[in-house]
Structure formats: structure tokens, C-alpha cells
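Some notes on the structure that comes next.
Nothing in this text is a laboratory measurement; each read-out follows from the coordinates by a stated rule. Quick caveat: nothing in here was measured; it's all calculated off a predicted structure. When we count neighbours, we look across all protein chains shown, and the Cβ atoms used for this are built from the backbone with ideal geometry, even at glycine.
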Amino acid sequence: DSIPLEFMRQKGYRRTVVVLTQVAGYIKKPEKLMLVNLMYKKYPEFIHAMETRHDRYNATLKQIEELEKSGDIFVFRPSRKVNIKRLERNAATILEMYELGRHDAYEKLSALQAFLNTKS
């Protein structure tokens, strides 16, 4: 699971806080897997899992959206898109994302406290 929400729910956790790295409305696209197909051709189940990873990720995002609307989970996500790479090296870009995360968390702090103090 890229976002282990269902795992946590199966463990019995009901007051779940989810931290996402993408803005609301993000949809993961299929990845190009030519190298994966070559390197792991002896493992077709793994290749299939990689080919369908975006489908599972997007289904989890849909579930998160529904659970957030119903008040069953609390979600932190960036308030705006920052063009940052998976393995970013530019310190200014990393700092921008960090500062945005701090700002967004501070803005939602009272809502988080209310969520955590609500009886489920």
C-alpha cells in the first residue's frame, strides 16, 4: 500500500490521520515500466502489481475523500502544488515544500484537535 489506510483500519484504528503529499484532486497516472519488465520478467505477479499500482492508489484516494467527507478520518494535504521531484536535490524547493507543510498544518491544527477529541 502506498497509503496504508486500509491496513490501519483492519488493525482497528478508527481515528486515523492521513498525510498526503499531493493536492486535492490529484490522480496518479500509469508509470512507464520498461526497465521493471526487463529486470523482473521472472516475477509476473510483481510486474502486474506495478502495472496496476496507480489503480490501487487512486482507489485509496477515492476512499480517503469519502471518509474525510464523512468525518471518519482527518487529512493533511498541500494547499497548493509545489513542483518537486521524487528525489529532489534543490534545497530551495525542499524548503518551499517544508514551509508549505508547516503553514498548512498550523492552519488545520484546531480542526485536528477537535477531530482527535471527538468520540467515535
| Given H placed 1.01 Å from N in the peptide plane, which residues other than close sequence neighbours of residue 18 have an amide H under 5 Å from its amide H? | 74, 75, 76
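Work out, in µm²/s and without decimals, the Stokes-Einstein translational diffusion coefficient of the chain at 37 °C, 0.692 mPa s, Rh from Kirkwood over C-alpha pairs. Write out the running numbers ahead of the final one.
Working: Rh = 16.6 Å.
Value of D from the Cα-based Kirkwood radius: 197 µm²/s.
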| Taking only DSSP H segments of four or more residues, each worth -39500 (n - 2.57), what value at 222 nm results for the chain once the sum is divided by all its residues, to the nearest 500 deg cm²/dmol? | -15500 deg cm²/dmol
| According to a simple spin-label model (label point 7 Å from Cα along Cα-to-Cβ), what is the distance in nm between residue 42 and residue 105? | 4.3 nm
| Cβ crowding within 10 Å averaged over residues, with 20-30, 75-85 ranked highest first | 75-85, 20-30
| note | Contact order relative to length for the chain, counting C-alpha pairs under 8 Å separated by 6 or more residues, stands in percent at 33 percent
| query | Can you list residues whose amide H is under 5 Å from residue 79's amide H, if they're 5+ apart or on another chain and H is modeled 1.01 Å from N? | reply | none
| Simple label model, 7 Å out from Cα along Cβ direction - residue 113 to residue 95, nm | 3.0 nm
